[in-house]
Amino acid sequence: MTIQVQQRAANGLREFGRMCAMGLDIILAMFRRPYQIREFVQQFWFIASVSIAPAILVSIPFGAVISLQLGSLTSQIGAQQFNGAASVLAVVQQASPIVTTLIIAGAGGSAICADLGARSIREEIDAMEVLGVSPIQRLVVPRVQAAVCASVLLNGLVSVVGVLGGYFFNVIIQGGTPGAYLASFNALAQLPDLVVSSVKAVIFGYLAGVVASYRGLNPKGGPKGVGDVVNQSVVITFLLLFFVNTVLTALYLQLVPAKGT
């Protein structure tokens, strides 16, 4: 059993190393010609079209739950005047990038993985390599770029919808005042809060695109293997998402002082 565990751990580390190497190759290939503009536009439109509606529908209850929970907590400690700032900062800094990437990975990333996996088992990828065409530059780069751009735009949309949902539930449901909600937000929020949200969206979208592309290019077991790698890509992206989010949040809180301190 110990040998099997060691072998599995070694295989997992080897796969992770290959995925990281592919991620670096993708970054380098982004700056090499020819640029796949048409492929990028098609992939961006597809990812955005399948992600916008789910992102909006998910962001509304996220904003509502955060607002209701924080509203109940702030009322218990007598700090209702800070409910708006706490709700908005929680939505913008944490909920918005996470929701966006979950949708991108679940809808767009799974489609990217399935598409590349189907091409791989039909040996289209091998044929491209024989012809001297780089699959990374021709197929993977535009898909990763589309995932990043869609993630950034959806992050802004989810932030707006989440904040509006939190405002509605705080003012209408919990009886808060609009003036206090907005005043507390202006008192504690700062521009780096929005910047770190956008940075998270870029990094998370990149991770979702890289993981989906890597698993799609390496299926095993024919058509059944394609379904397996699609599920694996979503799970791996979720795990990386929460780990990287923890690291970025810790760095942000250490490097950027809170407003008013």
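The values are calculated or read from the model by the stated rules, or taken from the named source; none is laboratory data. The model shown is predicted, which means the values in this text are computed figures rather than measured ones. Positions of Cβ are generated from backbone atoms using ideal geometry, with glycine treated the same way; all protein chains shown enter the neighbour counts. To get the accessible areas, we keep the full protein, side chains included, count just its heavy atoms, and leave off ligands, DNA and RNA. Shrake-Rupley method; radii C 1.70, N 1.55, O 1.52, S 1.80 Å.
Each row is one residue, and each column tells you yes or no for (1) farther than 30 Å from Ile121 by Cβ; (2) under 16 Å from the mean Cα position of the chain (by Cα); (3) of a type in the set (Ser, Thr, Tyr).
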{"residue": "Val202", "(1), (2), (3)": "yes, yes, no"}
{"residue": "Ser213", "(1), (2), (3)": "no, yes, yes"}
{"residue": "Asn218", "(1), (2), (3)": "no, no, no"}
{"residue": "Pro223", "(1), (2), (3)": "no, no, no"}
{"residue": "Ser233", "(1), (2), (3)": "no, yes, yes"}
{"residue": "Leu241", "(1), (2), (3)": "no, yes, no"}
{"residue": "Asn245", "(1), (2), (3)": "yes, yes, no"}
{"residue": "Gln254", "(1), (2), (3)": "yes, no, no"}
{"residue": "Pro257", "(1), (2), (3)": "yes, no, no"}
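Within region 55-64, is there a residue that is of a type in the set (Ser, Thr, Tyr), modelled with pLDDT of 75 or more and open to solvent by 10 Å² or more (accessible area, probe 1.4 Å)? No, region 55-64 has no match at all.
Being open to solvent by 60 Å² or more (accessible area, probe 1.4 Å) and assigned to a helix (DSSP H, G or I), is that true of even one residue in region 212-222? Among the residues of region 212-222, not one is open to solvent by 60 Å² or more (accessible area, probe 1.4 Å) and assigned to a helix (DSSP H, G or I), which makes the answer no. Count of region 1-37 residues, restricted to those that are surrounded by fewer than 13 Cβ atoms within 10 Å (Cβ to Cβ) and touching a Phe, Trp or Tyr at 6+ places or on another chain (Cβ under 7 Å), is 0.
Remark: Gln36 falls outside the filter, which requires a residue to be under 25 Å from Arg215 (Cβ atoms) and modelled with pLDDT of 85 or more.
A search for C-beta distances below 6 Å between a residue of region 90-108 that is within 17 Å of Leu253 (Cα to Cα) and any residue that is among the charged types (D, E, K, R), counting only pairs 6+ apart in sequence or on different chains, returns Val92/Asp193; Gln93/Asp193; Pro97/Lys200. Of all residue pairs spaced 6 or more apart or on separate chains, those with beta-carbon atoms under 6 Å, a first member in region 32-48 that is farther than 12 Å from Val148 by Cα and a second member that is in a helix (DSSP H, G or I) and open to solvent by less than 50 Å² (accessible area, probe 1.4 Å) are Gln36/Pro142; Glu39/Pro142. Among the residues of region 119-136, those that are over 28 Å from the mean Cα position of the chain (by Cα) and either in a helix (DSSP H, G or I) or polar (S, T, N, Q) (or both) comprise Glu124, Asp126, Ala127, Met128, Glu129, Val130.
Here's the yes/no breakdown for (1) modelled with pLDDT of 85 or more; (2) over 30 Å from Gln93 (Cβ atoms); (3) open to solvent by less than 30 Å² (accessible area, probe 1.4 Å):
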{"residue": "Cys113", "(1), (2), (3)": "yes, no, yes"}
{"residue": "Glu129", "(1), (2), (3)": "no, yes, no"}
{"residue": "Pro135", "(1), (2), (3)": "yes, yes, yes"}
{"residue": "Cys149", "(1), (2), (3)": "yes, no, no"}
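Does Ser159 fit the bill of being within 17 Å of Val99 (Cα to Cα), open to solvent by less than 10 Å² (accessible area, probe 1.4 Å) and among the hydroxyl-bearing types (Ser, Thr, Tyr)? No, not satisfied.
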